[in-house]
Structures are given as structure tokens and as C-alpha cells.
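Okay, so here's the structure we're looking at.
The values are calculated or read from the model by the stated rules, or taken from the named source; none is laboratory data. Only a predicted model underlies this, so the values are computations on that prediction, with no experimental measurement involved. No Cβ is skipped: glycine too gets one built from the backbone with ideal geometry, and neighbour counts run over all protein chains shown.
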Amino acid sequence: MIDQKTSIGVKVAILSVIILGIVILAYSTYFISSFFAMIGFSILFWGVILLYVTPTNNSFIELLNTMVAPSIANIERILTEYNINQQGIYLSTENHNGLFNAFQISQNTESVLVFIPEIPNSMQQNNYRPKTDVNGGLYLTPPGQALFKVLEQRFGKSFSKVSQQQFTHKLPILLTKEFKLVENIEIEIKENITVTITKSILDQSCQETNNQPKTNKQIGCLLTSAIACAATKVVGKPIIIQSETYDPLSRTTKIQYGILESIKD
Amino acid sequence: MQLIFPPLDFNEVVIFLAIAAIMLLITAELSPSYGSGYATIDKKKLQNAATAAGTLFLVSMAIKIATIMLGM
């Protein structure tokens, strides 16, 4: 994603190239030098081409941000209205069949839900039993659900059938080479899951969710949420987002996911 | 045929256009539409520029052939 500072820098660099080309071309005309004329003409030509082909904005990302914003705003509104401040717990409905009966949801459309408990500190309990009724907290569709479904389709099978090794190896290839959403991503699964993302084009989208502090903190932004959805199916246990830190200098996001021990229903 | 501005021979301009057109066409075909890098490019505009450079080269070649055939 081209931010405003980078965009200005690119424009200044291109204009400098054009000016240099014009100066060399003028010099060559004054001294009637074909050698300098060729150099000046080449620099000017490529400067103009660069100016023409460099976009001022990235319409793909703008479109994506626009589509994600209302869903995140809705989640923020619900969390604020019910005054729920606990961390969201990502649950795979494949591992918690009771959820299907409680909400009559379709496994194809919502295979992962995020549960936000009402009771303070319940997420810190090591043994978490998911509720099968609407009391005790909120069940929401995660903001990264759609992206997660696309990733699952590209994997060619459900994430619940993907091994941890496959997940840590194939997901980075998918996000960097195929979707080109991030420049680099490292996933490490031990007691917890650590994900380090470098230069994501969804940074802008995630920064916009900073305006929705509850959603950002409790559920996570688009990519964070999509990875949490995938991870909960891969490990077969509930997942919470423990921390998410962003370094604007290196454009690196470090996300720490916690794995909860669940008692299956 | 020597141009006054820039002081280039017509043949030099033809060669320049040929090289530029090839480079632009290859870049337009190989470049991604979007990506995570800083220097993203508009692929559609790049293809237009490549087509324009290629057309200019073909026109210059037609002029060159016409000049030879007319014995100018």
C-alpha cells in the first residue's frame, strides 16, 4: 500500500529524473552532442513513462477497506452497547457441535465464531467450556471470516484436516506469493502461536480499525482475525489474540495467539 | 536525416524506440497488478505505454522503408 509520504517521495524522485533529462537534452542541443542527446532523451523518456504508470492510490486496497469498515463498525457498536470488555475467543464449530444446535448456523458459511465472554477474566481460565446458549457473552462472526474461507478454498481442504507443519509452511506461501498480501510472514506454533508479518498491504485497513479500539483489541483486524480463524481449526482448540504490536518503522506486526484447552461438548 | 532538437540521427531514434518498446512490453507482461512493495505500478497504463512505443517504432520503420523505396 502506498502511503502519502511514500507517494510524495516517488513523485519527487520521478520529477527529478525528468528535470535531469531535460537539462542533459538542453546541454546536448547547445553543444550539438548526439551522445548526450541520447542519454538525455532516454532519461526523459523513462521519467515520463514512470510518471504515467505510477498510481496515486491503490484502488484494490481502497475497495477492500471500504467493504470491511461497516462490518467492523457494527462489531464495535455491539461491544460498546453491551459494554463487553473481554478478549474474543475463536471457536471452530467443527469442534463444538453444540454451537450448531444453539444458533442454527450453517457449517459452510460460518465454521468459526468468535465468543466474547461477559464474565471478567473467564478467558484466563485454562479449561474453557463453550456456551451453547446466548447467555454469558456474545457470539459474533469474525471480521476475517471471508478471507479465511478464501484461504481455505486455496488450501483445497478444511483447515481442520491441515497439519500444523503444513499450516506453517503453506500459509506463508499463499499470503506472499499467491495473494501478495504481505512481503513476509513467519508462523511459529509451540505452546502459543506467534505470527510475524512484514509489510502487509492490509496495514492501512488494520490501522483504520484503531478507530474502533474495542474491535481491534478484542477481536483483531482483518488479517489477524483470518489467521486466528485458520489457527483455531488447525490446532482444534479455542484461540485468543493475546497481543498485537505494530512497528511503523519496519512495518512489522507481531501477533501472539494463545491456545486454550477446551472441554469438548 | 539529422534532427535539430534533439540532435539525434533518425536511425538512433528508431533503435531507441525499438529497445524501449521491447522493455516496456516485457515489463507490462511480467509485472503484477498489485503487490506489497512500495513501487506499485498501474499495469493498464504500462501496457498502453508499451503499445504506444511499439506503434511509434512500427511507424518509424514504415517511414524508413518508404524512404529507401522512394530512394530519398
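A few points about this structure:
- Of residues in region A:151-163 being assigned to a helix (DSSP H, G or I) and free of Cβ contacts under 8 Å to residues at least 12 places away in the same chain, the one nearest to A:GLU261 (Cα to Cα): A:LYS161
Residues checked against (1) touching a Ser or Thr at 6+ places or on another chain (Cβ under 9 Å); (2) modelled with pLDDT under 90; (3) aliphatic (A, V, I, L, M):
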site	(1), (2), (3)
A:GLY156	no, yes, no
A:PRO172	no, no, no
A:THR176	yes, yes, no
A:GLU191	no, yes, no
A:ILE197	yes, no, yes
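- Pairs meeting the criteria (first residue in region A:164-175 and free of Cβ contacts under 8 Å to residues at least 40 places away in the same chain, second residue aromatic (Phe, Trp, Tyr), beta carbons under 9 Å, at least 6 apart or on different chains) are A:GLN166/A:PHE155; A:LYS170/A:PHE155; A:LEU174/A:PHE155.
- Subset of region A:64-116 that is of a type in the set (Phe, Trp, Tyr) and outside any strand (DSSP E or B) - its residue that is modelled with the lowest pLDDT: A:PHE100
- All positions within region A:215-250 that are charged (D, E, K, R) and either modelled with pLDDT of 85 or more or touching a Cys at 6+ places or on another chain (Cβ under 8 Å) (or both): A:LYS233, A:LYS237, A:GLU244, A:ASP247
- Qualifying residue in region B:22-42 (condition: among the polar types (S, T, N, Q), over 30 Å from A:LEU175 (Cβ atoms) and either surrounded by 17 or more Cβ atoms within 10 Å (Cβ to Cβ) or at pLDDT 90 or above (or both)): no
- All positions within region A:14-33 that are surrounded by 14 or more Cβ atoms within 10 Å (Cβ to Cβ), at the interface with another protein chain (Cβ under 10 Å from one of its Cβ atoms) and part of a helix (DSSP H, G or I): A:ILE24, A:LEU25, A:ALA26, A:SER28, A:THR29
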